[in-house]
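A.B. asks: Got a structure here, written out as structure tokens. Questions coming.
The values are calculated or read from the model by the stated rules, or taken from the named source; none is laboratory data. Computed from a prediction, not measured in an experiment: that's the story for all the values here. Here Cβ is always computed from backbone atoms with ideal geometry, including for glycine, and neighbour counts include all displayed protein chains. Note: accessible area is taken over every heavy atom of the protein model, side chains too, but ligands, DNA and RNA are not part of it. Shrake-Rupley method; radii C 1.70, N 1.55, O 1.52, S 1.80 Å.
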Amino acid sequence: MAFSVPKGTKDILPDEVAGWQRAEQAFSGVCAEYGFREIRIPTFEHTEVFTRGVGGSTDVVRKEMYTFEDKGGRSMTLRPEGTAGVVRSFIENGMSSLPAPVRLYYMINAFRYEKMQKGRYREFHQFGVEAFGSQGPDIDAEIISLLVLFFERMGVRETSLCINSIGCPECRSVYYEELRKYFSDKLTDMCADCNERMKQNPMRILDCKESRCKVYTADAPRQLQYLCEGCKEHFEGLKSALNDLGIDYTVDPGIVRGLDYYTRTVFEFVSDHVGTQGTICGGGRYDKLVEMMDGPAVPGVGFAMGVERFLMELQSQGIELQEKRSVKVYIANLSDETLASCRKLAYRLRCGGIGCETDLVSRSFRAQMKYANKAGIPFVAVIGPDEVAGGTFSLKRMSDGATAEFSIDDSIPDINHYISEKN
């Protein structure tokens, strides 16, 4: 029986990893420049972390989580997202005592049992940031600007920022009543999920993808019409801050969230490109989540970005993510008598930071040269009996055959300088 990768997962092969590494390095670099520090949280948590943090009535909790009972009879869940676990860690480790805002970022894999789509997997990866302790809109704008800078460094174009406010629990309760009135005579024509959402969180109806439901959601009331004075002021402050930063945006009243913890600011970066045809990343504010998880009254804001979909977007925009080979030298062995010298030279070069390979499968000299050429290794070091006797080796440039001779005892910086200059 031949084994295959489980449905909804994929292997990330060596030719693809260069793109992942470049994105990871750029993201961690930008986060560090904004004062964010990396946090690494467990792959699984007590299930209550998500039922409490994400919301027991959400589709994620009700339909998509990978939940299991461990050997001690405790209910555990593979993380379906990063925020709830970061908040749990924030509370458990007393980070509310740190100077505010507490800035954290993460790069994780996550798990949801959901319908397969292009760029969407059951094991997927996220970049995310969370900032705790700042009430005002400036931190919201700063996090959005972090994303703008990250996109610029990755060469991403043709994206649009959309923002909205979904209010606070106080003004949202008024809005929910308006939604219930609007949909009261329409629910019989709508899907079963929307009927369930009406009982739990009517705003989620606005995000339904069913065509028969979209007919009614298009003209539904929007939260922006029912914001309280505090939420209006916060949203105007966000727009003002983005204007100061020169960041273009569109106010989109249709942006809602499927997770219970969001308040006030929500935002998305959207692409019309063929690669993803939709949202690249999304985020927003969650001022009540820390309290919901039995922590102190600390506001929060953040975002999450699906790495697979982001890399698809790069590919669609023609952004090259080719692997940069670290191996610069192939050390060709001519006989058993020269093998020891090849081993020593390889180790010496590697200790000096020069990547190299040697023959490990007993190829002929001709086959070794053919391999080095096919592998794209720019230089070949040749050690034969004469070189061993003289304590030297010749370095051949594969592009034109030019050679230079070095002593085995030559300094690594001199050899590295030659390779860099001639490559």
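A.B. asks: Those residues that are within 18 Å of Leu345 (Cα to Cα), surrounded by fewer than 14 Cβ atoms within 10 Å (Cβ to Cβ) and among the charged types (D, E, K, R), I need them from the range 360-409; list them, please.
C.D. replies: The answer is Asp386, Glu405, Asp409.
A.B. asks: If you go through the range 125-134 one residue at a time, do you hit one that is open to solvent by less than 60 Å² (accessible area, probe 1.4 Å) and in a helix (DSSP H, G or I)?
C.D. replies: Going through the range 125-134, the residues open to solvent by less than 60 Å² (accessible area, probe 1.4 Å) turn out to be 125-134.
Those still in the list that are in a helix (DSSP H, G or I) too: none.
Looking for residues that are open to solvent by less than 60 Å² (accessible area, probe 1.4 Å) and in a helix (DSSP H, G or I), one finds none in the range 125-134, hence no.
A.B. asks: Could you list, in sequence order, the residues of the range 187-220 that are small (Gly, Ala, Ser) and free of Cβ contacts under 8 Å to residues at least 12 places away in the same chain?
C.D. replies: Of the residues in the range 187-220, the ones small (Gly, Ala, Ser) are 192, 211, 218, 220.
Once the filter is applied, which keeps residues that are small (Gly, Ala, Ser) and free of Cβ contacts under 8 Å to residues at least 12 places away in the same chain, the range 187-220 yields Ala192, Ser211, Ala218.
A.B. asks: Shifting gears a bit: Go through (1) polar (S, T, N, Q); (2) touching a residue at least 24 places away in the same chain (Cβ under 8 Å); (3) open to solvent by 40 Å² or more (accessible area, probe 1.4 Å) one by one and return the number of the condition Gln223 breaks.
C.D. replies: (3)
A.B. asks: A further question follows. Hey, any hits in the range 155-168 for a residue that's small (Gly, Ala, Ser) and in contact with a helix residue (DSSP H, G or I) (Cβ under 6 Å, 6 or more places away or on another chain)?
C.D. replies: Going residue by residue through the range 155-168, those that are small (Gly, Ala, Ser) are 155, 160, 165, 167.
Checking the rest, the ones that are also in contact with a helix residue (DSSP H, G or I) (Cβ under 6 Å, 6 or more places away or on another chain) come to 165, 167.
Within the range 155-168 (the criterion being small (Gly, Ala, Ser) and in contact with a helix residue (DSSP H, G or I) (Cβ under 6 Å, 6 or more places away or on another chain)), the answer is yes, since at least one residue qualifies.
Conditions tested, residue by residue: (1) open to solvent by less than 60 Å² (accessible area, probe 1.4 Å); (2) not assigned by TED's automatic domain parsing to the domain that holds Ile108.
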{"position": "Val5", "(1), (2)": "no, yes"}
{"position": "Gly8", "(1), (2)": "yes, yes"}
{"position": "Ala18", "(1), (2)": "yes, no"}
{"position": "Ala26", "(1), (2)": "yes, no"}
{"position": "Glu33", "(1), (2)": "no, no"}
{"position": "Arg37", "(1), (2)": "no, no"}
{"position": "Arg40", "(1), (2)": "no, no"}
{"position": "Phe44", "(1), (2)": "no, no"}
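A.B. asks: Step by step: first the residues of the range 194-220, then only those that are surrounded by fewer than 16 Cβ atoms within 10 Å (Cβ to Cβ) and either under 21 Å from Glu170 (Cα atoms) or in contact with a Pro (Cβ under 6 Å, 6 or more places away or on another chain) (or both), then the one that is modelled with the lowest pLDDT. Which residue is that?
C.D. replies: Among them, the one singled out is Gln200.
A.B. asks: Among the residues of the range 143-181, what is the count of those that are among the charged types (D, E, K, R) and buried (at least 19 other Cβ atoms within 10 Å of the Cβ)?
C.D. replies: The initial filter retains those residues of the range 143-181 that are among the charged types (D, E, K, R), namely 152-153, 157-158, 170, 172, 177-178, 180-181.
Then drop every residue that is not buried (at least 19 other Cβ atoms within 10 Å of the Cβ), which leaves 172.
Qualifying residue count for the region: 1.
A.B. asks: Mind listing whichever residues of the range 289-315 are in contact with a Gly (Cβ under 9 Å, 6 or more places away or on another chain) and assigned to a loop (DSSP other than H, G, I, E, B)?
C.D. replies: Hits for the range 289-315 are Met293, Val298, Pro299.
A.B. asks: Filter the range 62-91 down to residues that are open to solvent by 10 Å² or more (accessible area, probe 1.4 Å) and hydrophobic (A, V, I, L, M, F, W, C) and give me whichever is farthest from the chain's Cα centre (by Cα).
C.D. replies: Phe68
A.B. asks: If I filter the range 131-139 for residues that are under 30 Å from Gln322 (Cα atoms) and at pLDDT 95 or above, do I get at least one hit? Outline the logic, then answer.
C.D. replies: Initially, the range 131-139 is screened for residues under 30 Å from Gln322 (Cα atoms), giving none.
No, because not a single residue in the range 131-139 is under 30 Å from Gln322 (Cα atoms) and at pLDDT 95 or above.
A.B. asks: Being modelled with pLDDT of 95 or more, within 24 Å of the chain's Cα centre (by Cα) and open to solvent by 40 Å² or more (accessible area, probe 1.4 Å) is true for just one of Asp272, Asp260, Asp244, Asp248. Which residue is that?
C.D. replies: Details: Asp272 fails: modelled with pLDDT of 95 or more; Asp260 fails: modelled with pLDDT of 95 or more; Asp244 fails: within 24 Å of the chain's Cα centre (by Cα).
None of the others qualify; the one that does is Asp248.
A.B. asks: Which residues, taken from the range 103-117, are in a loop (DSSP other than H, G, I, E, B) and in contact with a Lys or Arg (Cβ under 9 Å, 6 or more places away or on another chain)? First the steps, then the outcome.
C.D. replies: Our first condition is that a residue be in a loop (DSSP other than H, G, I, E, B); within the range 103-117, this holds for 112-116.
Result: Arg112, Tyr113, Glu114, Met116.
A.B. asks: While we're here: Looking at the range 8-54 only, could you name the residues that are of a type in the set (A, V, I, L, M), in a helix (DSSP H, G or I) and closer than 17 Å to Leu314 by Cα?
C.D. replies: Filtering the range 8-54 for residues of a type in the set (A, V, I, L, M) gives 12-13, 17-18, 23, 26, 30, 32, 39, 41, 49, 54.
Now narrow it down to the ones that are in a helix (DSSP H, G or I): 17-18, 23, 26, 30, 32, 49, 54.
Across the range 8-54, the qualifying residues are Val17, Ala18, Ala23, Ala26.
A.B. asks: Kindly check whether there is at least one residue in the range 312-329 that is open to solvent by less than 30 Å² (accessible area, probe 1.4 Å), touching a residue at least 12 places away in the same chain (Cβ under 8 Å) and over 30 Å from the mean Cα position of the chain (by Cα).
C.D. replies: yes
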